[in-house]
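The structure under discussion appears below in the form of structure tokens.
Computed from the coordinates by the stated procedures, all read-outs in this text should not be read as laboratory data. It should be emphasised that the depicted structure is a prediction, and the values quoted were computed from it without experimental measurement. A quick note on method: Cβ atoms are made from the backbone with ideal geometry, for glycine too, and the neighbour counts reach across all protein chains shown.
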Amino acid sequence: MKSIVSTFSYALRMLLARPGAALLNALLIALGVATMTVLLLVSTQMERSFERDLAGVDVIVGAKGSPLQMILAGVLHVDVPAGNIPLEAAQALAKDARVKQLIPLSLGDSFQGFRIVGTTQAYPDLYNAQLAAGSMWSQPMQAVAGADVAAQLPLGASFAGTHGLAGGGEVHDKSQYTVTGHLQRCGCVLDRLI
């Protein structure tokens, strides 16, 4: 006990002798703790987001490319898609007895940086998506906007897709989409999709 008191006494004398160094040390320790806290929070949020976006997805089938690219492009929608598989191949997979559900995705175009996904009603159902306004699409060239996109695409608006995800792609102005609905915020990948 006496050694603890003498160590504390020594530390207190050093602190009072060099207050600038003590303040700098305290600031550096606080900065380190804050940085670690932020990293842990961001890591936890990203992990929850990935788990939420990958929920219900067991297998991804796509054109030639790396498996990671297929996950990033086809599930998380943060990468350029490798390409589509033939419709006949998808139809054959859907008939396989081991396949419970097949959700086709056709990727490649965007609108102001938001990806346009060609799919079936099963895709929003996978995430239990609910409509905030309007109705789901029922015909080709009708679109439903996710919560992050809805402010830029009001109900009834028409827009043209652009080839690719980055700006500068070919605008498909002869093929206009019409917005029929807006999705409620789900905190999932659908929020930033059309």
Pair list, Cβ < 8 Å and 6+ apart or interchain, from the range 173-194 residues that are farther than 21 Å from residue 74 by Cα to residues that are aromatic (Phe, Trp, Tyr) and outside any strand (DSSP E or B): 180/137; 181/137
Residue, farthest from residue 85 (Cα to Cα), within the range 122-139, restricted to residues that are free of Cβ contacts under 8 Å to residues at least 40 places away in the same chain and surrounded by fewer than 12 Cβ atoms within 10 Å (Cβ to Cβ): 139
Verdict on residue 117 being without any contact (Cβ under 8 Å) to a residue 60 or more places away in the chain and under 22 Å from residue 79 (Cβ atoms): no
Single unsatisfied condition, residue 82 versus (1) assigned to a helix (DSSP H, G or I); (2) surrounded by 13 or more Cβ atoms within 10 Å (Cβ to Cβ): (1)
Test for residue 93: is it in a helix (DSSP H, G or I), out of contact with any Asp or Glu (no Cβ under 6 Å at 6 or more places or on another chain) and under 22 Å from residue 69 (Cβ atoms): yes
